[in-house]
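Written out below as structure tokens is the structure these notes cover.
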């Protein structure tokens, strides 16, 4: 009797880069004869693409794994397999290995080519065929997010060596993908329904430095845009400030396919803290760069992130950061408290700031940003802007206005990272996900906009 096809499920944790990896993993497994189930309760094997970036991410990983293992008592999934960053970190740090001990199998990046045979081995089935040479790069992707939104990874790993960051230990040094492969994948994504493509990497702006000895992002973006339809939206994410050049901004300014949006994680602004973080930049350089962004791309939305409570951060240095945020009026901002990452350079520094002080500084920063965001959004009231529809709303499971018909985002909002646009009005079947429509902004909230279709 012929065996039924093995059923695989996958839970993807962490960032958009992880989600791209998950889609490649699923695409490869489907080619190897597996069937995909969205619900782990319908699967033989549930894969968990783990995140080990910071403590809160590791907590989410642990809780997810424990919940899935508990479900095994009911028969499904039969096996739980851990993949990704946490597995890599567990190789040199025992505490992380303890988190993964509940799993039936741990698969590091180096074993991804054998993933199909490893999963079949759990099911006592024999694998057919040879290991895949490239499961992550140019293989098929089974898209698991919204069909009209896609991420395009242009490099793997990171060579910046920030003192607080464990990414190089998990992902290795930067390896840029060949431009032809990136463009081919982007065209395929657009042909298969993507209306917005986010350009991502651990550090997008140093793309090509390992290939050519200097960053080559500007040329890649120019060629990428030329290969895509006129109506596509392109969004630049993870733009490390040290390598964000005028050439890149000029390419973005010269092509309407690029959203006037820059995600530039700054982490701090005190020169002493920036040096301790190994950021390779200074306050003066950052301010010059932000001026350049706003001059070349106006009107532009700038997103950034900061860390509070880095070892040795004084009250005055935090106040400097707070005043800088007031001056710059960022459209979008995220703040995180410092936590020592094992085996990083910063972990050797005294973690001398109490957690409650770290939290209080983060909260003050976010309260300030909430007021800034509200003021900036209020300036849009009465304006007509284009939005991309993300979801039609029928029976919302979150509090929304009773006449809400869709959720959307503007070119100045990154989906799932920033605020959103809540559309109110009468039902309109034309508001399909991925369509771009004009709306009039009626109300500004702290982070979101309320609008009506024009």
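Bear in mind these aren't lab numbers, they're just calculated from the coordinates by the rules spelled out. None of these values were measured; they are calculated from a predicted model. Because the Cβ atoms are built from the backbone with ideal geometry, glycine has one as well, and the counts that use them run over all protein chains shown.
For segment 139-208, the square roots of the Cα gyration tensor eigenvalues, ordered a ≥ b ≥ c, give a/c of at least 1.5 with a/b greater than b/c, which places it in the prolate category.
Look at the Cα gyration tensor of segment 341-454: its axes a ≥ b ≥ c give a/c of at least 1.5 with a/b over b/c, and that counts as prolate. Between residue 355 and residue 111, the contour length at 0.36 nm per residue exceeds the Cα-Cα span by 84.0 nm. Of interest is the spacing of the C-alpha centroids, which for segment 258-336 and segment 203-239 amounts to 22 Å. By other beta-carbon atoms within 10 Å, ranking 432, 366 with the fewest at the front produces 432, 366. Decide, for segment 249-361, between rounded, prolate and oblate: order the square roots of the alpha carbon gyration tensor eigenvalues as a ≥ b ≥ c, take rounded if a/c falls under 1.5, and otherwise choose prolate if a/b is larger than b/c, else oblate. In terms of gyration-tensor shape, prolate.
As a check on your grasp of the helix formula, calculate [θ] at 222 nm for the chain: sum -39500 (n - 2.57) over DSSP H runs of n ≥ 4, divide by the residue count, round to the nearest 500.
Mean residue ellipticity at 222 nm (helix-derived): -10500 deg cm²/dmol.
The distance from the alpha carbon centre of segment 157-188 to that of segment 362-387 is 32 Å, rounded to a whole number. Built from the Cα atoms of the chain, the convex hull projects on average onto 23.1 nm², one quarter of its surface area. A simple spin-label model places pseudo-atoms 7 Å from Cα toward Cβ; at residue 386 and residue 78 they are separated by 5.1 nm.
Taken over the Cα atoms of segment 39-89, the convex hull encloses 60 Å³ per residue. On the beta carbon distance between residue 443 and residue 417, with R0 = 25 Å, the FRET formula returns roughly 0.70.
Between residue 348 and residue 66, full extension at 0.36 nm per residue minus the direct alpha carbon distance yields a gain of 98.4 nm. The peptide list 382-389, 352-359, put in order of mean Cβ contacts within 10 Å with the highest first, becomes 382-389, 352-359.
Segment 39-88 and segment 415-444 have Cα centres separated by 34 Å.
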